[in-house]
There are 2 protein chains.
Amino acid sequence: MLYLLKLVLIADILSHVYGEQITNESETCEELLDEELKEEIASYGPTRDKILKYVLEGEFKGRTFKELTKFINKFGGRLTGTENLENSIDYMINLTIKEDIHNITAETLKVPQWTRGKEEITMLKPRVKNMALIGLGNSVATPKDGITAEVVVVDSFEELEKVDAKGKIVVFNVHFTTYSETVKYRFEAATRAAGKGALASLVRSVTMFSIYSPHAGMQKYGNETKIPTAAITLEDANLLKRLYTAGEKIVINLKMLSKLDYNTSRNTLVDIIGRENPEKIVIVSGHIDSWDNGEGAMDDGGGLMISWAVPVILKKMNLEPRRTIRTIFWTAEEQQYVGAEAYEKKHRHEEKNINFALESDDGTFAPRGLQMLGTQKARCIVAEVLKLFKVINASTLIDTYVSATDINVFLERGVPGAGLLNDNGKYYWYHHTAGDTMDLMDEKSLDLCTAFWAAVSYIIADLSVDIPRNDTTS
Amino acid sequence: MLYLLKLVLIADILSHVYGEQITNESETCEELLDEELKEEIASYGPTRDKILKYVLEGEFKGRTFKELTKFINKFGGRLTGTENLENSIDYMINLTIKEDIHNITAETLKVPQWTRGKEEITMLKPRVKNMALIGLGNSVATPKDGITAEVVVVDSFEELEKVDAKGKIVVFNVHFTTYSETVKYRFEAATRAAGKGALASLVRSVTMFSIYSPHAGMQKYGNETKIPTAAITLEDANLLKRLYTAGEKIVINLKMLSKLDYNTSRNTLVDIIGRENPEKIVIVSGHIDSWDNGEGAMDDGGGLMISWAVPVILKKMNLEPRRTIRTIFWTAEEQQYVGAEAYEKKHRHEEKNINFALESDDGTFAPRGLQMLGTQKARCIVAEVLKLFKVINASTLIDTYVSATDINVFLERGVPGAGLLNDNGKYYWYHHTAGDTMDLMDEKSLDLCTAFWAAVSYIIADLSVDIPRNDTTS
């Protein structure tokens, strides 16, 4: 899951698109859904049962965890632009073909290949301490011997305006509130600091908990001079803040030998063709790329693998939905939705046919339902579908979509869509750290996510009615 | 807190010394303590109140946290043998003198100076992964280009016996049970692996929780060839285990450019001279050295600072105990009690005068009481003293002493002693990691620990009766 600089902008657009419906919800679901539709949705009970049984007790039991384990064992981190990512894409294509599924398309696109190289940070004054750091995506390099400069510590962009940062290294010591609030600092640190004449920026990792773990992530340069930028741990951010507040002169040497090239990668599309409306599409997705410091198991190996499982399960169970279910393994999500944006451009002519867009990119802990964006009526229909999942305690519909990930490129164009809601309260403890490994994955939770994901996708793709989109946008 | 190879041996000795009393506790505290003594102990209520008030609400409120913050800000990690450790000892001496306390003795001793140097570990097969590691204390170095060898993963010493480890790197993937059980593997890994012809050993970090955090610690060579030995994270231990179990050939390159020298350091003794029995001593202590990867705030900055506070508070409050209270800032604890052993040898002639030995080296979270070793009668007296601390929920006496730290050198000779019992359920999450920083410290908990530590020390040192020792040993 990656923060987009445009998130604020998107939030504006989305509030424009949906705001009215959300704030003036004069019509209740009782009024918007007729009895016939409710009965139709309820009639999916036996199908839901069959899918749950197949995944939770039947042939597919444990399969998601098993396949994810093999995948992570084999590839580990899958940074965009690397041969390793491309090999992992080939692997997933072959894994799908082995299931006798052949409607597979790999769409090539240009992607950035940012290589972090050697990274070192040493506090030289008031005492010597080697610190942990992780360079932020697309950061420029320092000179070979690094940048040595005095440090200024600020708690916000507003505070930055009040200090003299010229020729200095700016530390943004911003405590975690929500991801979308806090990540702005990771995203804009370099640009803001450069605007004040700083030589480099360091950002407190975007998390509420740490055992000295630096968190990677994307950042975006604006029109200012590009300066090196990296994340440091909560612990060191606090130390620097304490020393700074105590009036100590802090001097840091920062070395980052990163470089930026370009390469190609692929989005992978796996279609289960709709039996009545093959042109209409329900997207079910996760991203296959990851940051390089961890193993990319939670972000987003889990989302990838439960999405892979959807066509496999439907095929095995001979469930042919009314509309096409297109599973997508997005590439280059962590590089700012590069894969999703390429797809959106290429497929814009058929965008009106996207009935619903699903992505799992906030963890695959025990499923609880969906977080969704759409018109009031769209949300009423999905809420009615989710009632079917009370049996696994996954019937919650959150009426906002706060995640920043691939499907935003559709949501901002009026397509209704949702992310997997799950028990991810500790998600940010591990997010973009070296601790994003298979150790976070639980076999039973993955089975529940897979069962839920497959059944929800199927039912939405099979309903007699489309999920209404917002026509004021596209 | 450091594991001693001799722990098993000590446990044997201790069970010999105290075992009988513990298992054949025919006499209850009701029988062993007369009413007069109970009344005397209860009469310390007003003194307890005065000390608690002074620390929790009065002049000393927040002082421990403030002093610890300044100390950690200034020195960070304090590895034995470094100038930084010696500077921090000078600092503590000066801080004490500023409180107008002058009975201070610094006793010089020879200590190891183990410098870790560059450390790198890379898995080369079945895929390339740079891993986190931390060399274990006293480990020998690898050749400059490291050791490249195939990996064998075992879950126990027993399993090691069954595999061919010759020419290989042995990974001990032993899951955490208790510290004393699990740490044996860290301590003996190199020797056991060398005994089977291995070239190096890697140990799963001794913890139950990790965000990819390697845990440092001591190890001890036996009579076998000395081979390099380091700790890896839980995550990588699990990864290696999974790959090994899947039949993959694992090859690792391990580089450790450590070296071992010797230097001098100092134990620091601060005496509040007893008003009636100055020759009798109650030891109150913590250790000032730490591992080099963290800041040594929890292990053992907290224990050091609450022990420093004891004479300061008693002096300020004009409380002169019957016996001498000797506060000791141990050096080189992490190097296997090198400081405590030197002290014990030097002061053996007065050992019969040690009435009680206290050390805080398991965290200074909210205090709960004491964990103690001593005869049944000794424990009855201390339990009676602890009843005074129900007011701060710190009246628990645990009848075993499981910590492995400096005062063991006295306990194994029959001296009664205790460690600070506190809410340290997550202690091992951070123990010997880079995450041992001021962030773990809480001002209010530190005040409670300080108040408890000062009051308990004073009352024990002031009682009309000695705490009985076990005379079957010394």
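The values are calculated or read from the model by the stated rules, or taken from the named source; none is laboratory data. Everything numeric in this text was worked out from a predicted model, so none of it was measured. Note: ideal-geometry Cβ built from the backbone for every residue, glycine included; neighbour counts use all protein chains shown. Only protein heavy atoms, including side chains, enter the accessible area calculation; ligands, DNA and RNA are left aside. Shrake-Rupley method; radii C 1.70, N 1.55, O 1.52, S 1.80 Å.
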Residue count, region A:133-176, condition assigned to a loop (DSSP other than H, G, I, E, B) and closer than 28 Å to A:Val338 by Cβ, comes to 8
Residue satisfying condition, being touching a strand residue (DSSP E or B) at 6+ places or on another chain (Cβ under 6 Å) and of a type in the set (Ser, Thr, Tyr), within set B:Ser403, B:Ser464, B:Ser445: B:Ser403
Every residue from region A:292-338 that is open to solvent by 10 Å² or more (accessible area, probe 1.4 Å), hydrophobic (A, V, I, L, M, F, W, C) and in a loop (DSSP other than H, G, I, E, B): A:Met317, A:Leu319
Whether any residue in region A:157-177 is surrounded by 18 or more Cβ atoms within 10 Å (Cβ to Cβ), at pLDDT 95 or above and within 14 Å of chain B (Cβ to nearest Cβ) is what I want to check. yes
Run down B:Leu79, B:Leu133, B:Leu95, B:Leu109 and say which single residue is out of contact with any strand residue (DSSP E or B) (no Cβ under 6 Å at 6 or more places or on another chain) and within 14 Å of another protein chain (Cβ to nearest Cβ). B:Leu79
Looking only at region B:361-369, decide whether some residue is surrounded by 24 or more Cβ atoms within 10 Å (Cβ to Cβ), among the hydroxyl-bearing types (Ser, Thr, Tyr) and under 30 Å from B:Thr105 (Cβ atoms). yes
Listing of helices (runs of 4 or more DSSP H) fully contained in region B:379-474 that carry 1 or more residues being within 14 Å of chain A (Cβ to nearest Cβ) and modelled with pLDDT of 95 or more: B:427-430, B:443-462
So, in region A:54-103, how many residues would count as being among the small types (Gly, Ala, Ser) and part of a helix (DSSP H, G or I)? 1
Any residue in region A:11-29 that is over 27 Å from A:Ser290 (Cα atoms), more than 25 Å from the chain's Cα centre (by Cα), at pLDDT 90 or above and loosely packed, with under 14 Cβ neighbours inside 10 Å? yes
Answer yes or no: is there a residue in region B:130-137 that is out of contact with any Leu (no Cβ under 6 Å at 6 or more places or on another chain), in contact (Cβ under 8 Å) with a residue 60 or more places away in the chain and open to solvent by 30 Å² or more (accessible area, probe 1.4 Å). no
Filtering region B:95-114 down to residues that are open to solvent by 60 Å² or more (accessible area, probe 1.4 Å) and of a type in the set (Ser, Thr, Tyr), which residue is nearest to the chain's Cα centre (by Cα)? B:Thr108
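Table: residues versus (1) over 26 Å from the mean Cα position of the chain (by Cα); (2) not small (Gly, Ala, Ser).
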position	(1), (2)
B:Leu133	no, yes
B:Lys144	yes, yes
B:Phe157	no, yes
B:Lys168	yes, yes
B:Phe172	no, yes
B:Ser180	no, no
B:Thr191	no, yes
Quick check, is B:Lys74 surrounded by fewer than 21 Cβ atoms within 10 Å (Cβ to Cβ), within 11 Å of chain A (Cβ to nearest Cβ) and more than 18 Å from the chain's Cα centre (by Cα)? yes
I'm checking my understanding of the structure. Among residues of region B:115-129 that are in contact (Cβ under 8 Å) with a residue 24 or more places away in the chain and assigned to a loop (DSSP other than H, G, I, E, B), which one is most open to solvent (accessible area, probe 1.4 Å)? B:Lys118
Could you list, in sequence order, the residues of region B:211-234 that are more than 18 Å from B:Asp164 (Cβ to Cβ) and open to solvent by 10 Å² or more (accessible area, probe 1.4 Å)? B:Tyr212, B:Pro214, B:Lys220, B:Tyr221, B:Gly222, B:Asn223, B:Lys226, B:Leu234
Condition check: outside the structural domain of A:Lys426 (by TED's automatic domain parsing) and among the acidic types (Asp, Glu). Does A:Glu107 satisfy that? no
Out of region A:390-434, which residues are among the aromatic types (Phe, Trp, Tyr) and open to solvent by 10 Å² or more (accessible area, probe 1.4 Å)? A:Tyr401, A:Tyr428, A:Trp429, A:Tyr430
For A:Gly296, the lone unmet condition from (1) under 15 Å from the mean Cα position of the chain (by Cα); (2) more than 14 Å from every other protein chain (Cβ to nearest Cβ) is (2)
Within region B:243-274, the count of residues that are within 14 Å of chain A (Cβ to nearest Cβ) and either open to solvent by less than 60 Å² (accessible area, probe 1.4 Å) or closer than 18 Å to B:Thr229 by Cβ (or both) comes to 2
Scan A:Lys377, A:Lys352, A:Lys387, A:Lys345 and give me the residue that is open to solvent by 40 Å² or more (accessible area, probe 1.4 Å), closer than 19 Å to A:Ser457 by Cβ and of a type outside the set (Gly, Ala, Ser). A:Lys387
